[in-house]
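Take a look at the structure set out below.
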Amino acid sequence: MSSFTVRILNPLAEYLDERDDGSALAPRPASLEGKVVGLLPNWRPSALHILEAIGALIQEQCKPKSVVMEQMLREVPVRTGKILDGMREQLEEFARRVDVAVIATGD
């Protein structure tokens, strides 16, 4: 079996999972094997391509139960300035269906 290595570069001086201010990140599973992995792109076309490639690698190398791509709202409620409020129900339903979520932004 081949190994899979991911190198993550972060421009932040402090990683969010190293902070001790009560805003901890969600727990990470030790493996993606048998998990439902959800892929969530933003509205930019490159995000979709990035996640398609990541999803293919996860399928090939991590033995998930499934990999699902979710498309959020096409129309953003810009007038209210509360984009997440317009997607809250859809995001909550997505979170109930997946064990792990991978999110990408792209231009």
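The values are calculated or read from the model by the stated rules, or taken from the named source; none is laboratory data. No experiment lies behind these values; they were computed from the predicted model shown. Methodologically, a virtual Cβ is constructed for each residue, glycine included, from the backbone with ideal geometry; neighbour enumeration extends over all protein chains shown.
Quick one: what pairs do we get from the range 80-107, first residue more than 20 Å from Pro29 (Cβ to Cβ) and β-branched (Val, Ile, Thr), second at pLDDT 80 or above and assigned to a helix (DSSP H, G or I), C-beta under 7 Å, 6+ apart or different chains?
Thr105/Ala47
Kindly evaluate Ser46 against the criterion of being modelled with pLDDT of 80 or more and surrounded by 12 or more Cβ atoms within 10 Å (Cβ to Cβ). Step through it out loud before you land on a result.
Details: modelled with pLDDT of 80 or more: yes; surrounded by 12 or more Cβ atoms within 10 Å (Cβ to Cβ): yes.
Yes; evaluated as a whole, the condition is true for this residue.
When only residues in the range 1-30 that are surrounded by 10 or more Cβ atoms within 10 Å (Cβ to Cβ) and assigned to a loop (DSSP other than H, G, I, E, B) count, which is modelled with the highest pLDDT?
Pro29
What pairs come out if I take residues in the range 37-65 that are more than 19 Å from Gly106 (Cα to Cα) and in contact (Cβ under 8 Å) with a residue 40 or more places away in the chain and pair them with residues that are among the polar types (S, T, N, Q) and part of a loop (DSSP other than H, G, I, E, B) whose C-beta lies under 8 Å away, six or more apart or interchain?
Gln61/Ser2; Cys62/Ser31
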